[in-house]
Structure formats: structure tokens, C-alpha cells
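Right, one structure below, let's go through it.
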Amino acid sequence: MASPTPRIVVTGLGWVTPLGHDIETVWQRMMRGESGVSATTRFDASTFPTTFSAQVKDYDFRSCVKDPAIHEGVGHNTAYALGAAAQAWKLSGLEKLGNSFDRTRLGIYLGSGEGSLDFDNYVAANLAGFDDATQTIQGKAWARAATALMTPVREVEQEPNMPLSHLAMEFDAQGPAYNCLTACAASTQAIGEAMMILQRGDADVMLCGGAHSMIHPLGVTGFNRLTALSTRNSEPTKASRPFSADRGGFVLGEGAGMIVIESLDHAQKRGAHIFAEIAGYGSSADAYRITDMHPEGRGPMASMRQAVRNAGLSIEDIDYIAAHGTGTHENDSTETRAIKNLFGDHAKKLAVSSVKSMFGHLIAAAGAVQLIACCLAMRDQTAPPTINLDNPDPECDLDYIPHKPRKMTINACLSNSFGFGGQNDSLALRRWNT
Amino acid sequence: MSKRVVITGLGTVTGLGVGIDALWGGLLEQRRAVSPIRAFDAGGFACSLGCELPEDFKVSQFVPKTYRKATKVMARDTEIAVASADLAARDAGLFTRGNAGEGQAVTYAPERVGAHIGAGLIAAELNELTSALVNAKGDDGKFDYHKWGREGMGHLTPLWLLKYLPNMLACHVTIVHDAQGPSNTITCNEPSGLLSIGESLRVIQRGQADMCFCGGADSKMNPMGFLREVYSGRLTTTMNDNPSQAVRPFDAQASGAVPGEGGGIVTLESEETAKARNASVYACVLGFGASQTVNPGKRNLFPDEHGRGMVSAMSAALREATISHDAIDLIVAFGCGHPDYDKAEHAALCSIFSDRLAAIPVVAVRPFIGNCGAGGSAIDLCVAAKAIKEQTFPPSINRDHPLPGMLGNAPARQSDIRHVLVCTTGLGGQNAALVLGRA
């Protein structure tokens, strides 16, 4: 007989977000329904279709790491990852184990995005190497300009596995190590796969989550060209309006969310504080179109169904759903339809909210900060609100916890992330009663 | 009990040609795809060598007519993945939405098919991007943000960004083949392909899919991708005049790597369902391991000299396979041809195999097809699967002065091959290893 599948619990949390850089401050601001959105200052976006974003403010990773020198020149993604992981690590109490903790049993699974593009130098090299007559790049001229302007460190640090590599150095993590980049679903997927690694017994502890920043000129350009971003330039704090009839796209955010997870047995033996149980994980693909979600929400339904089933729960057990809730017309109506299709009558009884209304959309890191919000919501038995939900949309007719947080019983919840291109992931969490 | 998993199809697109037979045939004949780069003038870099796909490679030959329009939003990396997946499906004798004829039933229910495909940092096509950027030149000839915001960016096609998201490799494959099961995109540089195959293995073992398309694809044959390879500090700069000898894995005179482009995708199936459809099997996947190198002195851009991380990945794979190293008859190694990487890998192999290493062929495909980034380790696995099926050692070349305790140059030859170990590492320090057994 196979031994029963180990239960997996969260023992550390950390985030770096547009609302702040420590767990409690950010959570309190969320409880007040604050917005982290404001005019973009990272670069001059004043003539862009979208002039605002949800930036991380007043943050420096150097105070969070043992030796800043080995992390010099990292991208924003890695900088945020280091800060979030340091918080999670500290809360987990693992440092107290000292040398008795075999670091080949410490793994990392991240869903991180690429590092910060060296935009000005990249553009200057491209313009210098471009021949107007033929409308093509001339290799030698480009190479000359590119090697004079761009530096090895900044280029190498754009590789999407650099946050992973830097966390491994910081925490001497030598176990299984992965980075996945399934667009907006990445960090939810990372946490789900990390859970699977622990259940297989391939590691004792996993550090997992995600980090990303696409707040750079080409990131904003790309999303503006897709008409995916809100252009409510006159009212940035009102721009992220998930489930509202007058929503006009998402708000680009940035940051990181990291958690420490381990088997219940491992956590209890070392007397760790347990925030919540990660009970189930589901992953699916729409296999529909690159540009659109399947209209019936086929993929999201499959990932939510698998997560609930994998957790050994029934759909009536779910009290709260942390929605993907991006604030685009398509996502919010499709996600609503998927929830209604899967949950039937129970859809009207559970509560749903989108923390993206406050943070903006952290892209690859979105799922991790959402999951942390779920852990805190279960701890405090209070669900975070969907702010800016001023004009209910007849297509979005669930209880989205508008404007203010809600005291409620949350014994089990789901967190959803759906990526551009159709990869979907859901996690099911159970409350931990101490 | 977790399910047994087998390989039933191989799809490769490399400098040696399209399809596993082209690759295998090229290896046996010791043909090298290494040559001066054609795609752009690389004469401004200290290394000007690469490994490019045959010029007649066209993705449109690998998608159904109804999906040809979508090829316009595919980056080269995605084209390679889509072609490799199509080849892998056909090689496995599978029918999917992508290749089934009218009225022909698909082999697997869509929700039982997964896709795990590794990708690199996809470089934007510079001619396309710069044609838009020039519209934002200010009076001083420099880039003007205001002009870009107002008018410049409008010159980029609306779907521009979607071309460059790394998950598009897997997403296009899921759409073409109607694969609605678990799907993931691993982005860990060179190990991405093998790590992705490990992810599919786990998904099938735990019963969440019966079949997966898995592997990776990448292209460094563009100026920006190539610059990043140059900046990784791993390329040879002394062999521009001698392409066929340029990449020398595990040779005392190794001087560095040569980048390439290519992809490898395998169809991985649960043994149970593969048997039920009488599929022809290349090999069984018996064990897998993953680990991380920690080498702060080199910021994980190069492995530590003992190859500690590689040792633990290989040990984990052997442990799961429940075999000792004595049962391994062939090793398909990373062998990128950079002395620091090779020495670390050599040390790791010595630590696992000790004296026995002198009796086992350690094959590396990078002298033939270059370092194909996220696709490379999946191509390695395809070669390993073909070798065990054919019971033939691929050749070892450019190893006139082998590192101590290792075999040197050898032509291909028939031999009894019970198990093959595939191992890989890469920029950033992730490691993966996999053990194959006979069908």
C-alpha cells in the first residue's frame, strides 16, 4: 500500500507590492481598500495611451540580503524576489535549523518573468545599426553599437531563470529548481508544482512564488497595442475596475510574492507556525486561440474543478474565490461564466474578489500575491474587497465583495490565474485551525 | 503505484535537418552543421559561428491549413516547437486535431493530453521592431519617448507582444493538437527541455494525463539572442576558420561553445495506454532528477568545479530508476565545449561512475548541432531514445585529447545498450538528469 499523500502547509509569506513591502502593512492597506496605482515615473510615459501603472515604491533589495555584491545589477524581478523571499524565510523560522537543514532538500519553484530590458541602450543600438534604405539591421554596425552600449550583466540578468538563480545563492538551495513562465498563470503554477514535488518526497521544503516587472517602455507598448490596458489616465486609482460594467482593461503592476511550503509532518516536527494548507492544484489549457479565452471558460472550469477535487473537497466547501479578475472585459465575464458553470447554485453563495483592483496586475507574480492574500484572509476570516466596483455589470452577477473587506467564514478557498495564450491554473487552500 | 511512462514519438528540428532520421543519419555520418552564420552578419563579434536550420525549413508545412494564418504571430522559436510537435505526433502514429484526416477519430481525449515545452528568452525581431522605432526619432536623431507614445508605437502590429511570450511555444502546440490537459512552460535556459520532459513524466505518473508533448525549442540565430550568448562568456573565439573542429566537448583543447537553433519534442505516454493502442515504443523513462548548482563566486553562470549539482540530479535519477551506475551503457551529456562546463561535468561523471567511466561512451551532440538553448537538452533526449532503440552508440568527435579517464573519438557502432543516462546543466545553474531503459 502506498503511504497517504502528505498534506502541504504554508509556513512563510513575503511580498513586495505596489502597496508596500511587508506582509502586515500591505494587508492593512488592502483592508482599507487603497489603490497602489499612480502616474508612471519609471520612464516618460506621458504620451503613451496609458500613462499610469502600479509601481513598487521606495524599495531597495540591498537591505534584505546577506551579500549585496553577488546580486549587483539584477533586474527589478530579482530585486523584488529577494525581498519577498527574505520575509517568507524569516517568518518560516527555518534559519534556526542551521546546519541540520540539508540544503539539497530545499528546492525552489518560481513563476518569474524576464528581467528589466536595458531599453535606452537597446533602442540606441538598434537605431545605430539600422539602414534606412533597406529597412534592415546591418550586422556589423549593430554589433559595434550593441557591444559598446549594452553590458553583459544587464543582458544576462534578463534571463527568466535569474530570480531563481539568485534565490538559490541567497538561501543555498540545492534541491529541485525550476522557473516556469506561463504568462499571468506562472506563479500559481509554480506553487502548484512545488506542492507536487513535496508530495513526491523530492524535497523537504520548497520556496515558491513569482516576481515580474513589465513596467518598461516596450512592456507598456506591447500591452497598449493589444488594447489590454486601461487608459483611464485622468483617474489612475479608479482605473483597475474588475467586474464593473465600465471596466476598460487591466492596470500593469509589478512585484513579487514568495511563500515557504513543506509537509505538515515536517512543519509540526520543527514547531513551525502554519498559515494555511495548500490542499489542491489544477492545471489546464484552453487549446482555443492565442488571442481569446474559450467563450464558455472551458479551461478555467477544468483547472478549478481539478483543484477542488485534488483537495478532496466538494464545490460546496468553497467559501471564497480569489479571482484572476484582471479588469478586462473578456476575462471578468468569462471567469464569471466559468464559476457559474462549475459551481451551479453554489456560485451565488460564495464570495469572489479581485485584489488586482488594488495592486494592478503583477503578470507572472500575480498568482503568488493573490495566494498570500488568501492565506491572510483565512487567518483573519476576512476577505479582501474588489475596489472600484461602482457599476455592476449584468454579465458579472456574483458577489464580488465591492469596496470594503468582509468578515466571513472562510474554511476553504480557491485562487485562479489564467495566462495569455490559454494556460490556466487554480489552487485550493484550506484554513488551518491551530 | 505511479504509472510507467514510455516514449513513443520523437520530433527534432536541427541544423542537421528536419526529423529524427535526418538528425540520426547526420550524426552517424559525422556531419556538422557548424558554419559561419548566414542569418545576419556576425563578423562584428569575436565568434561568428552558428548552427542554423536548413534554409528550406517552413513552419507552414507542419500546421493544418486552418491554422496557417496564426503562423504570422509565431517567433522562430515557436515555429521550431510547432514543427517538432507535429513530427513527434506523426512519429508516434497519433491522430490529433492537428493531423487527423476528415472523419478520423483522434487517439486521445483532448483533456488527457498535456504539453510541457521549454523556451528561452525570445529575442524580438530587430528589423520589424526598428522599422517602428525609426518613426520616433527626434530632431537630434535620438529616440524620443513622446514621439514613440504618440505615433511610433502605432507602427507595431497589434499582436506584436504575443509573438515574444515564452509560453507561446506550448500554447500554439496545445491549440494545433487540441491538448487541453496540464500545460507548462519551463524557462531555465539549457535544461528547460529536459526539465519539461520531467514535468510531463510527473503529470502522467500521477494520472493527470495519458499523453504529453514535451521538450523545448530555441533560436539564438538572431543578433540579440547571439549577443546574449556572447555575453554569457561561453563561446569559442578562436575557431572561426575551423567550424567542423570548433566545438570540442571533454577535449583538453576545448575553447568554448557555438550557439545554434533547434528543438526536440517527444510524445510521452503512459505505458498502459500506449500498449492498448499497440504503439511502437522507443524507450521507457525509468528515473528523473533535478537540482540546483550554488556557485556564488561565478554567480551561477558557470558550475562549481566538482559539478555538485549535476551529481545530485544524476543520483536522484538513478535512485528512481532503481539501478546502479553499472547498468548504464551510454551517457548523453551536456558537453557544450566550454572548458569550465566540461570540467565540472567530467568531475560529476567521475564521481558517479569512477573507473567505469573509461568504458562508457559519453556522447555530446553540440559539436554537430551547436548549443540550441532551451531546445538542446530535449534534442539530447531524442538522440538517447533513438540510440537505445537502434542499440547503437552515436559517434564522439573532436575529442583528440580526452579528459582523464574518458573515451576519445569513436565512430558510431552497434552495441548492447541496457540503459542510457541523459544529463544537462546550463546558465543559471539548474540541472536535470533522466534514465532511459529499453522498451
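Nothing in this text is a laboratory measurement; each read-out follows from the coordinates by a stated rule. Since this is a predicted model, take the numbers as computed values, not measurements. Cβ: placed from backbone, ideal geometry, glycine included. Neighbour counts: every protein chain shown.
If you take all other residues with their beta carbon under 9 Å from the beta carbon of A:ILE215, and give Lys and Arg +1 and Asp and Glu -1, the sum is 0.
The alpha-carbon of B:LYS220 sits under 27 angstrom from the alpha-carbons of these lysines, leaving out residues fewer than 8 places away in its chain: A:LYS140, B:LYS58, B:LYS69, B:LYS72, B:LYS163, B:LYS298, B:LYS343, B:LYS386. Values of log10 I(q)/I(0) for the protein assembly as shown across q = 0.06, 0.07 Å⁻¹ run -0.35, -0.48, by the Debye formula with one identical scatterer at each alpha carbon and no solvent. Figure legend: label point modelled 7 angstrom from the Cα of B:ASP326 along Cα→Cβ; residues of segment B:272-297 with amide N under 20 Å from it are B:287. Name the residue from B:VAL266, B:VAL281, B:GLY297 whose Cα lies farthest towards the positive end of the charge dipole of segment B:250-333, charges +1 on Cβ of Lys and Arg and -1 on Cβ of Asp and Glu. After comparing all options, I get B:GLY297. Normalised by the residues of segment A:326-434, what does the relative contact order come to in percent, with Cα pairs under 8 Å and at least six apart? Taking the mean separation of contacting Cα pairs over the length of segment A:326-434, I get 26 percent. Karplus-derived 3J(HN,Hα) values for segment A:282-294, using 6.51 cos²θ - 1.76 cosθ + 1.60 with θ = phi - 60°, are x, 9, 8, 10, 5, 6, 10, 9, 5, 9, 10, 7, 4 Hz; glycine and proline are entered as x. Count Lys and Arg as plus one, Asp and Glu as minus one, and take only other residues whose Cβ is under 15 Å from that of A:ASN121; the net charge is then 0. Dipole check for the protein assembly as shown: with +1 at the C-beta of Lys and Arg, -1 at the C-beta of Asp and Glu, and the Cα centre as origin, the magnitude is about 1040 Debye. GNM remark for chain B: springs join alpha carbons under 10 Å apart, and the peak mean-square fluctuation among B:PRO394, B:PRO64, B:PRO191 falls on B:PRO64.
For the options A:GLY312, A:GLY36, A:GLY83, a Gaussian network treatment of chain A with springs between C-alpha atoms closer than 10 Å singles out A:GLY312 as fluctuating the most. Every helix of 4 or more DSSP H residues in chain A counts as -39500 (n - 2.57), and over all residues that averages to -9500 deg cm²/dmol at 222 nm. Could you tell me how far the Cα centroid of segment A:281-321 sits from the Cα centroid of segment B:270-348, in Å? Their Cα centres are 34 Å away from one another. For A:LYS340, the aspartates and glutamates whose Cα comes closer than 18 Å to its Cα, not counting residues fewer than 8 places off in the same chain, are A:ASP286, A:GLU296, A:GLU316, A:ASP317, A:ASP319, A:GLU330, A:ASP332, A:ASP393, A:GLU395, A:ASP397, A:ASP399, A:ASP425.
Scanning residues 5 or more positions from A:ASP399 or on other chains, those with amide H under 5 Å from its amide H are A:VAL352, with H placed 1.01 Å from N in the peptide plane. For chain A, the antiparallel share of DSSP beta bridges with both residues in that region comes to about 70%.
Relative contact order of chain B: 23 percent, from C-alpha pairs under 8 Å at least 6 residues apart in sequence.
Multiplying the residue separation of A:ARG379 and A:ARG7 by 0.36 nm and subtracting their alpha-carbon distance yields 132.1 nm. For chain A, the C-alpha radius of gyration sits at 0.96 times the compact-globule guess of 2.2 N^0.38 Å, with N the residue count.
In this structure, the amide hydrogen of A:GLY12, modeled 1.01 Å from its nitrogen in the peptide plane, lies closer than 5 angstrom to those of A:VAL260, counting only residues at least 5 positions away or on a different chain. For A:LYS57, the aspartates and glutamates whose Cα falls under 16 Å of its own Cα, not counting residues fewer than eight places away in the same chain, are A:ASP22, A:GLU34, A:GLU254.
For segment A:1-143, the spherically averaged projection of the C-alpha convex hull amounts to 16.4 nm².
How many percent of DSSP beta bridges within the protein assembly as shown run antiparallel, rounded to 5?
Once the DSSP bridges in the protein assembly as shown are tallied, antiparallel ones form about 70 percent.
The stretch between A:LEU264 and A:SER46, if pulled fully straight at 0.36 nm per residue, gains 73.4 nm over its current Cα-Cα span.
Summarising the label geometry, the points placed 7 Å from Cα in the beta-carbon direction at B:GLN61 and A:LEU97 lie 5.3 nm from one another.
Counting neighbouring beta carbons within 10 Å and listing from fewest to most, the residues A:PHE250, A:PHE101, A:PHE223 come out as A:PHE101, A:PHE223, A:PHE250.
Estimated from the Cβ-Cβ distance and a Förster radius of 35 angstrom, the FRET efficiency linking A:LEU149 and B:GLN253 is about 0.55.
Computed 3J(HN,Hα) for segment B:129-135, one whole-Hz value per residue from the Karplus formula 6.51 cos²θ - 1.76 cosθ + 1.60 where θ = phi - 60°, is 5, 5, 4, 7, 4, 5, 6, glycine and proline marked x. Remark: segment B:375-389, residue by residue, has Karplus-estimated 3J(HN,Hα) of x, x, 6, 6, 5, 3, 5, 4, 5, 4, 5, 5, 4, 6, 5 Hz, where x stands for each Gly or Pro and the curve is 6.51 cos²θ - 1.76 cosθ + 1.60 at θ = phi - 60°.
What ranking, highest mean first, results for peptides B:398-405, A:210-217, B:288-295 when packing means the other Cβ atoms within 10 Å averaged over each residue?
The peptides rank, most packed first, as A:210-217, B:288-295, B:398-405.
Counting only Cβ charges, +1 for Lys and Arg and -1 for Asp and Glu, the dipole size of segment A:50-92 around its Cα centre is about 120 debye.
All C-alpha to C-alpha distances of segment A:105-205, sorted into 10 Å bins beginning at zero, yield P(r) values of 15, 31, 22, 18, 11, 3, 0 percent in whole numbers. Between the amide H of B:ASN371 and those of B:VAL258, B:GLY260, distances stay under 5 Å, these residues lying 5 or more places away or on another chain, with hydrogens modeled in the peptide plane. Using only side-chain charges placed at the Cβ, +1 for Lys and Arg and -1 for Asp and Glu, the dipole size of chain B relative to its Cα centre rounds to 520 debye.
Neighbours of A:PHE48 by Cβ distance under 15 Å: Lys/Arg scored +1, Asp/Glu scored -1, total +2. Among A:HIS324, A:HIS21, the order by Cβ neighbours within 10 angstrom, fewest to most, reads A:HIS21, A:HIS324.
For the residues B:ALA279, B:ALA33, B:ALA119, a GNM of chain B with alpha-carbon springs under 10 Å puts the largest fluctuation on B:ALA279. Between the alpha-carbon centres of segment A:341-397 and segment B:160-203 there is a gap of 28 Å. Oblate is the label for chain B, because a/c, from the alpha-carbon gyration tensor with a ≥ b ≥ c as root eigenvalues, is 1.5 or above and a/b does not exceed b/c.
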